[in-house]
Amino acid sequence: MIVFACAIGSLGDVNPVISLGSALQQRGHRVFVLTTADAETKVRESGLHAHAVLSQQQWDSWRTLPRESEPHLENMKAWIHMALPAVAETIRFVWQEFVPGDSIGLAPAMTGAGFPFLREKFQMPLIEIQYAPRVHLDAGEFDQMFGDVLNGIRKSIRLPPMQEGWLRWLLTPDRALGLYPEWFLDASDLERPANVIPLHYLFESQDDSRALSEELVDFLARGKAPLVVTFGTYAQTDAALYANAIEACVSIGERLVVLTRYPEQLPSPLPSGCMSVPYVSLKQLFPYASAVIHHGGAGTVAQAFRAGVPQIICPIAFDQFANADRVVALGCGTRIDRAEFRVDLITHVVANTVADAHMTQAAKVVAGRIDDDATSRVCEFIERYARELGVKA
């Protein structure tokens, strides 16, 4: 079976696809990962075939844009600057490698926007992969903004025009798998997405085994457990969030490890008791933390659950708000909205979180529910779905 897997986004989006793609490849399938130029090398180092459908210039243009004040505008910005630009190259590449009756697509609904065109054009089955439960989008606004653009793509590949229902068309795969556990989906009374089978988080083995630097190991050993703060691997315009988190922690004597690939957005010099590091293995680092301050990305949530540490979440866009609400409902953390992410409130929340034995215990209970090796089960579902959809698997 030929598998075309979409991995466009932060490393929290890329790592589960690497895990899944590697396992499918080991099971005898041919896997192509369609990703960003920024993540292309990482995918290839895992032994998978990678093809960049979003150039480094396009990726840099997207990640350096200032954050929007309204979450739905941030979602639209991502669609315009990250998802749409990848559509043409996704179609071109898959069209070239596609084999009828032996090919299947694995893609998130929005960032994998090229796949529904391929599904309709070639009847290539499409399995949606959800990193977190899907959030509601305004269908009317979406159709009004993007209908003409998407009809232009349809015309270029000789598909008939559509008059309405664009969002419904994008969000209607043949099957949908949740790369999150059912207990996370059911943690709150938020609307349950229809026709999705929740399975479990997937963890990338190469990242898991990446050793911490000697400098970081020495820092961790020199004092009490630090907090860890990160706002994602692509975050480059969050200087105020980092500054407030650092000031709040330092003001009450807490040590802090700051994760960012872009240290220029941090105060310089960093206060005593703080250390900045670029990308590291969260499996290796998080167990040392007293708590994690982060944006609520699905990958970071999963790793904090895995380590059994409390979470302080400042959601910014996408699924992060719903993720934060589920973490809170499980008793494992606190949500602070971005408008309220001030030093005084962060200080109060950090102090309470570090001292909250009930929250720490709830986080440890959740850690006991994490399955480190769920990948084979997800592969079995994909193979079963492929057979049901007429693909030789």
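The values are calculated or read from the model by the stated rules, or taken from the named source; none is laboratory data. None of the values given here were measured: they were computed from a predicted structure. Positions of Cβ are generated from backbone atoms using ideal geometry, with glycine treated the same way; all protein chains shown enter the neighbour counts. Heavy atoms of the whole protein, side chains included, go into the accessibility calculation; ligands, DNA and RNA do not. Shrake-Rupley method; radii C 1.70, N 1.55, O 1.52, S 1.80 Å.
Determine if region 143-165 includes at least one residue that is touching a strand residue (DSSP E or B) at 6+ places or on another chain (Cβ under 7 Å) and within 30 Å of residue 295 (Cα to Cα).
No, the conditions are met nowhere in region 143-165.
Which of the numbered conditions does residue 21 fail, given that it passes all the others? Conditions: (1) small (Gly, Ala, Ser); (2) touching a Leu at 6+ places or on another chain (Cβ under 9 Å); (3) under 27 Å from residue 123 (Cβ atoms); (4) open to solvent by 10 Å² or more (accessible area, probe 1.4 Å).
(4)
For residue 127, are the conditions met, namely being open to solvent by less than 10 Å² (accessible area, probe 1.4 Å), out of contact with any Gly (no Cβ under 9 Å at 6 or more places or on another chain) and either part of a helix (DSSP H, G or I) or more than 30 Å from residue 260 (Cβ to Cβ) (or both)?
For residue 127, the condition - open to solvent by less than 10 Å² (accessible area, probe 1.4 Å), out of contact with any Gly (no Cβ under 9 Å at 6 or more places or on another chain) and either part of a helix (DSSP H, G or I) or more than 30 Å from residue 260 (Cβ to Cβ) (or both) - is not met.
Is there a residue in region 108-120 that is under 14 Å from residue 153 (Cβ atoms) and of a type in the set (Ser, Thr, Tyr)?
No - not one qualifying residue is present in region 108-120.
Give me the helices (runs of 4 or more DSSP H) completely within region 1-68, filtered to those with at least 3 residues that are within 20 Å of residue 128 (Cβ to Cβ), touching a strand residue (DSSP E or B) at 6+ places or on another chain (Cβ under 7 Å) and of a type outside the set (Phe, Trp, Tyr), ordered by residue number.
11-26
Looking at 240, 248, 235, which one is buried (at least 22 other Cβ atoms within 10 Å of the Cβ) and part of a helix (DSSP H, G or I)?
After applying the criteria, what remains is 248.
Restricting attention to region 94-115, which residues are open to solvent by 10 Å² or more (accessible area, probe 1.4 Å), closer than 16 Å to residue 34 by Cα and either touching a strand residue (DSSP E or B) at 6+ places or on another chain (Cβ under 7 Å) or of a type in the set (Ser, Thr, Tyr) (or both)?
97, 108, 109, 111
Out of (1) loosely packed, with under 15 Cβ neighbours inside 10 Å; (2) more than 25 Å from residue 15 (Cβ to Cβ); (3) within 25 Å of the chain's Cα centre (by Cα), what's the single condition that is false for residue 169?
(1)
Residue under question is residue 296, and the condition is that it be on the phi > 0 side of the Ramachandran plot and either open to solvent by less than 20 Å² (accessible area, probe 1.4 Å) or outside any loop (DSSP other than H, G, I, E, B) (or both); does it hold?
For residue 296, the condition - on the phi > 0 side of the Ramachandran plot and either open to solvent by less than 20 Å² (accessible area, probe 1.4 Å) or outside any loop (DSSP other than H, G, I, E, B) (or both) - is met.
Kindly indicate the residue of region 309-328 that is of a type in the set (A, V, I, L, M, F, W, C) and part of a helix (DSSP H, G or I) and also surrounded by the most Cβ atoms within 10 Å (Cβ to Cβ) among those meeting that condition.
327
Filter region 268-288 for residues that are part of a loop (DSSP other than H, G, I, E, B), open to solvent by 10 Å² or more (accessible area, probe 1.4 Å) and in contact (Cβ under 8 Å) with a residue 60 or more places away in the chain and give the result.
Within region 268-288, 279, 280 qualify.
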